């Protein structure tokens, strides 16, 4: 690359809105995909964030002003009047590694490390393993800062090959499961007219949002106040966000209808030759016909034929391992300033992790497969 790269820390609350196009251009050429750091996600989340808030945006630019690195954080209060930084969308996203071309990543990592001269701690959950291994690990292991590094989850992906999707599906599903799935297909089709719909434009996505609400209300999780929209403020958040994502081609909303009734829907996030399955839900009334599984199979085939890498997103479930062609750990990092406050924060977080681990063991807790996609694959309710 010709010319130097310039690292800066931006703290203006309007910077993301003013540079939305530059951020979205970087989404499409970033070395590692991360749809959650598109400008629409960042802006919608910021408007929803309550309390005092100050952005800490790490950027790398070329001399001509082209944005080639972006890692958004926000200030958070810590113990003893200290301050730390957490990533944007810390309560919504599934990945938190930066948007950047490869050459810009070392500047972002070094910039984050240098911020620990001012801040007591930095938290970076759910980073792709390659990013950790190539750019973070050496800084942590060889550095003089306190840290907690762990592998909280795994992620599973499907990388399409030259074989036809039907061949892949049959190979992964097995004879008994294929027979059961075909039975469900015939049984649901016998109930009336089936239609698989796919929407990607601003107008269409906005028009279909009410239909997704109906499905969420009639799903098991919706009735238990644990659906995508039932958490306080989430429906308004996604109603604003998804049409905005559609403006830049970053979302795909699909619906399965039976006799014009919407009975299942899936929310996919799109990138360059990439698709992440963010949510899948169905009307519990049609549970025995596995409508979620049928919609998922339809969408997997479409993404496969488009040549997209399919990302099931972090959390380990049996079905992900069964269908994936790539499995990799996802890393988490707590990084601390070498100071009394940093040491106290380090000890408190380690203690908290140990307590939570003991509680999980006491309750005989194992990660249950309550992920919407997992349940859809098994034909269970959400």
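The values are calculated or read from the model by the stated rules, or taken from the named source; none is laboratory data. In this text the structure is predicted, and so the values were computed from the model without any measurement. Positions of Cβ are backbone-derived with ideal geometry, glycine not excepted, and every protein chain shown enters the neighbour counts.
Answer yes if at least one residue in region 133-144 is part of a helix (DSSP H, G or I), surrounded by 15 or more Cβ atoms within 10 Å (Cβ to Cβ) and not assigned by TED's automatic domain parsing to the domain that holds residue 105, and no otherwise.
Looking for residues that are part of a helix (DSSP H, G or I), surrounded by 15 or more Cβ atoms within 10 Å (Cβ to Cβ) and not assigned by TED's automatic domain parsing to the domain that holds residue 105, one finds none in region 133-144, hence no.
Which one of these is surrounded by fewer than 17 Cβ atoms within 10 Å (Cβ to Cβ), in contact (Cβ under 8 Å) with a residue 12 or more places away in the chain and not assigned by TED's automatic domain parsing to the domain that holds residue 87: 159, 130, 167?
159
Scanning for something crowded, with 20+ Cβ neighbours inside 10 Å and at pLDDT below 90, does region 350-372 turn up at least one residue?
Checking region 350-372: at least one residue is crowded, with 20+ Cβ neighbours inside 10 Å and at pLDDT below 90.
Kindly check whether there is at least one residue in region 279-288 that is closer than 28 Å to residue 26 by Cα, modelled with pLDDT under 95 and part of a strand (DSSP E or B).
yes
I'd like to verify a number: residues in region 100-122 that are touching a helix residue (DSSP H, G or I) at 6+ places or on another chain (Cβ under 7 Å) and more than 13 Å from residue 59 (Cβ to Cβ), how many?
Residues flagged as touching a helix residue (DSSP H, G or I) at 6+ places or on another chain (Cβ under 7 Å) and more than 13 Å from residue 59 (Cβ to Cβ) within region 100-122 amount to 6.
Among the residues of region 303-336, count how many are over 30 Å from residue 84 (Cβ atoms) and buried (at least 17 other Cβ atoms within 10 Å of the Cβ).
Total meeting the criteria: 11.
Go through (1) within 30 Å of residue 80 (Cβ to Cβ); (2) out of contact with any helix residue (DSSP H, G or I) (no Cβ under 6 Å at 6 or more places or on another chain); (3) part of a helix (DSSP H, G or I) one by one and return the number of the condition residue 299 breaks.
For residue 299, the exception is condition (1).
Which numbered condition in (1) in contact with a helix residue (DSSP H, G or I) (Cβ under 7 Å, 6 or more places away or on another chain); (2) surrounded by 15 or more Cβ atoms within 10 Å (Cβ to Cβ); (3) within 27 Å of residue 309 (Cα to Cα) is the only one that residue 178 fails?
Among (1) in contact with a helix residue (DSSP H, G or I) (Cβ under 7 Å, 6 or more places away or on another chain); (2) surrounded by 15 or more Cβ atoms within 10 Å (Cβ to Cβ); (3) within 27 Å of residue 309 (Cα to Cα), residue 178 violates only (2).
Residue pairs, Cβ under 8 Å, 6 or more apart or interchain, first in region 222-250 and on the phi > 0 side of the Ramachandran plot, second surrounded by fewer than 16 Cβ atoms within 10 Å (Cβ to Cβ) and in a loop (DSSP other than H, G, I, E, B). List them.
225/231
How do the helices (runs of 4 or more DSSP H) wholly within region 202-271 filter down when requiring 2 or more residues that are touching a strand residue (DSSP E or B) at 6+ places or on another chain (Cβ under 6 Å): which remain?
202-218, 234-247
May I ask you to list the residues in region 183-199 that are without any contact (Cβ under 8 Å) to a residue 60 or more places away in the chain and either in contact with a helix residue (DSSP H, G or I) (Cβ under 7 Å, 6 or more places away or on another chain) or in a helix (DSSP H, G or I) (or both)?
Those that are without any contact (Cβ under 8 Å) to a residue 60 or more places away in the chain and either in contact with a helix residue (DSSP H, G or I) (Cβ under 7 Å, 6 or more places away or on another chain) or in a helix (DSSP H, G or I) (or both): 183, 186, 189, 199.
Which of (1) in a helix (DSSP H, G or I); (2) closer than 30 Å to residue 338 by Cα; (3) out of contact with any helix residue (DSSP H, G or I) (no Cβ under 7 Å at 6 or more places or on another chain) is the odd one out, the single condition residue 167 does not satisfy?
Failing condition for residue 167: (2).
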